[in-house]
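The values are calculated or read from the model by the stated rules, or taken from the named source; none is laboratory data. Keep in mind the model is a prediction, meaning the values are calculated, not measured. With ideal geometry, Cβ positions are generated from the backbone for all residues, glycine too; neighbour counts draw on all protein chains shown.
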Amino acid sequence: MDSFSSCGFFNNSFENISDGSGDLDIDMPEICDRAFSDNFNKIFLPTVYGVIAILGIIGNGLVVIVMGYQKKVKTMTDKYRLHLSIADLLFVLTLPFWAVDAAKNWYFGSFACVSVHMIYTINLYSSVLILAFISLDRYLAVVRATNSQATRKLLANRVIYVGVWLPATILTIPDMVFARVTICQRIYPAESSVIWTVVFRFQHILVGFVLPGLVILICYCIIITKLAQGAKGQTLKKKALKTTIILILCFFCCWLPYCVGIFLDNLVMLNVFSPSCELQQALEKWISVTEALAYFHCCLNPILYAFLGVKFKKSARSALTASSRSSQKVTLMTKKRGPISSVSTESESSSVLSS
């Protein structure tokens, strides 16, 4: 969680300078008033994080429930959807903690601080990397359709753990080392705080945006070229092209502004150009707003990668219908013969879910 949001996943560049590196204060032309930015964040961030958490839990929770309800063997696409929804669901579950921290303070203790940081990091990176795997899978399915089945199975069943969850877990090491409970953010050594901050921000830009973004862009551009060829199935092709373009635009529109913001702030920290109060305040507000936009992508993922599919909508309708019928059946039986024991209720529920 970026410290511009008062939550401190990355330390605020100017706070680090003023807190622990006195020599660098000399280079600052003036001390800026942060009261306006702090008041803005205390209202804006809890509100946005709360909305994202509610929408993300509902959307991704429904995907997880529907995928669990499906009786048939899941396809590679279904497996990626499940991974993505689990990653996004865990991610949005951390947002209420950051909302409270932004509004008031961190009240949850040191263990929760480190744990929430780690969960946040794992799922921030894993969700973006899964999107890259989805684009690669679609490339193989469309462009290499005749001989790609074995490769797609290998990617969906084995490689995804090594290519997504393992690196995302490894990237939590800085959280275990640097996360501190005082204000629940990474606290780097004072003498090198700027270097640590810049390095981890560039890591975030590279691993969390540039590399998966390139994979997504290249794969989908090739898919668009492939779908545009030939004359058969023009209606379906147009729909597929439209969906593909929407996927690309949503990813880059959500993540590019935020990455540009922290990249520019890195340049300020490295003295590539001289900071000013106006620039500092503008960057703080820009990063706060675009960070929220980036996180909103986890609410769009269920819509883009699940609800647009006809098969998923049918499965969701079946799951909800079965759930409704199950509740009606339990209510009817209760009226006829009185309260039902917990054992019989669990048995009936499990039989409905497995049907």
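At-a-glance table
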read-out	value
Some residue of segment 251-263 being assigned to a loop (DSSP other than H, G, I, E, B) and buried (at least 20 other Cβ atoms within 10 Å of the Cβ)	no
Residue count, segment 137-169 (criterion: loosely packed, with under 13 Cβ neighbours inside 10 Å and aliphatic (A, V, I, L, M))	5
Qualifying helices (runs of 4 or more DSSP H) (wholly inside segment 1-88; at least 1 residues being modelled with pLDDT of 60 or more, within 20 Å of Glu278 (Cα to Cα) and acidic (Asp, Glu))	35-69
Condition met for Leu131 (aliphatic (A, V, I, L, M) and either closer than 20 Å to Ile248 by Cβ or free of Cβ contacts under 8 Å to residues at least 40 places away in the same chain (or both))	yes
Pairs where the first residue, in segment 142-160, is touching a residue at least 12 places away in the same chain (Cβ under 8 Å) and the second is of a type in the set (Lys, Arg), C-beta under 7 Å, 6+ apart	Val142/Lys226; Val143/Lys226; Ala156/Lys79
Residue among Ile130, Ile119, Ile134 that alone is surrounded by fewer than 20 Cβ atoms within 10 Å (Cβ to Cβ), under 20 Å from Cys299 (Cβ atoms) and in contact with a helix residue (DSSP H, G or I) (Cβ under 8 Å, 6 or more places away or on another chain)	Ile119
Criterion: modelled with pLDDT of 85 or more and over 20 Å from Leu206 (Cβ atoms) - qualifying residue of Leu300, Leu279	Leu300
